[in-house]
Amino acid sequence: MIYVMSDLHGCYEKYHKMLSLIDLKEKDTLYILGDIVDLGPDVIKILIDLIHRKNVIALRGNHDHKAGIMLNRLMKPKESIARNRFERQFDFWISDGGQPTYESFLRLEEAEKVNVLNYLLEMPFYWKVDVVGRRYLLAHTVPEREKMPAMPELCAWCSGRDYILGEPDYDEIYFDDVMIVTGHTPTVLIDTNFNGKIWKGNNHIAVDCGAVFGNPLGCICLDTMQEFYVE
Ligand SMILES: [Mn+2]
């Protein structure tokens, strides 16, 4: 079975409960569509769990991207950093949810810091997968429709940035033969009737139910379209 969830934001407890609820087996694959880090408390606990799992693929969200850049700079010798510019970016990151990520990273042993950092820096921007005869494009987000005339490998028009910070057109069909699955935008912002629920429409599934903001964590099985929720 293929499962998809997103925007864990340090919610280790909900993540752990969800793994039990879906009863994730070795032959299953779980895709997490980014924003593992920042905002919530147990960021590093999730990352270390992910590093040790072979059947979980975490894609890159804007928060993971920023955390990777910031922590990478912090690991370098101080004199190699252009201080002023970095400090401004660092302060912004901290105020934008980076505080728990930064604090828990500092508590790690050196070797583990390297593992966590490498994991963050290697997270892919998007993933394509076929499930029961249907093609899916999985990403933290996608650019608006007009910036995305074709699937990503053909897509010289968009940069990686579009897949971590893009603003999807939820009311337009991107592809007739490809289902897009994204996180990043809590579904209540797409349609207020979907507060805390997975949103589906126009060959697009949006799975960020806003777990870090007190809503349930949602997860969808692409083989069966069954939805799972944990409080
Ligand atoms: Mn995001």
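The numbers here are math on the coordinates, done by the rules we state, and not lab data. Here the structure is a predicted model, which is why all the values come from computation and not from measurement. We place every Cβ from the backbone using ideal geometry, glycine too, and count neighbours over all the protein chains shown.
Could you list, in sequence order, all residues of the stretch 121-176 that are of a type in the set (D, E, K, R) and over 21 Å from LEU30 (Cβ atoms)?
Passing the criteria: GLU144, ARG145, GLU146, LYS147, GLU153, ARG161, ASP162, GLU167, ASP169, ASP171, GLU172, ASP176.
If I go through the stretch 102-142 residue by residue, how many of them are of a type outside the set (S, T, N, Q), assigned to a helix (DSSP H, G or I) and buried (at least 17 other Cβ atoms within 10 Å of the Cβ)?
Summing the residues that are of a type outside the set (S, T, N, Q), assigned to a helix (DSSP H, G or I) and buried (at least 17 other Cβ atoms within 10 Å of the Cβ) in the stretch 102-142 gives 7.
Every residue in the stretch 188-231 that is buried (at least 17 other Cβ atoms within 10 Å of the Cβ) and within 13 Å of the ligand (Cβ to nearest atom), please.
Across the stretch 188-231, the qualifying residues are ALA206, VAL207, ASP208, GLY210, ALA211, VAL212.
In the stretch 86-98, what residues are in contact (Cβ under 8 Å) with a residue 12 or more places away in the chain and closer than 18 Å to ASN62 by Cβ?
GLN89, PHE90, TRP93, ASP96, GLY97, GLY98
Could you tell me whether any residue of the stretch 176-187 is of a type outside the set (A, V, I, L, M, F, W, C) and touching a helix residue (DSSP H, G or I) at 6+ places or on another chain (Cβ under 6 Å)?
Checked against the condition, which is being of a type outside the set (A, V, I, L, M, F, W, C) and touching a helix residue (DSSP H, G or I) at 6+ places or on another chain (Cβ under 6 Å), the stretch 176-187 yields at least one hit.
Of the residues GLY183, GLY166, which single one is at negative phi and in contact with an Asp or Glu (Cβ under 6 Å, 6 or more places away or on another chain)?
Answer to the check: GLY183.
Condition first: of a type outside the set (Val, Ile, Thr) and in contact (Cβ under 8 Å) with a residue 60 or more places away in the chain. Now tell me which residues in the stretch 108-133 satisfy that.
Of everything in the stretch 108-133, those that are of a type outside the set (Val, Ile, Thr) and in contact (Cβ under 8 Å) with a residue 60 or more places away in the chain turn out to be LEU108, GLU112, ASN115, TYR119, LEU120, MET123, PRO124, PHE125, TYR126, TRP127.
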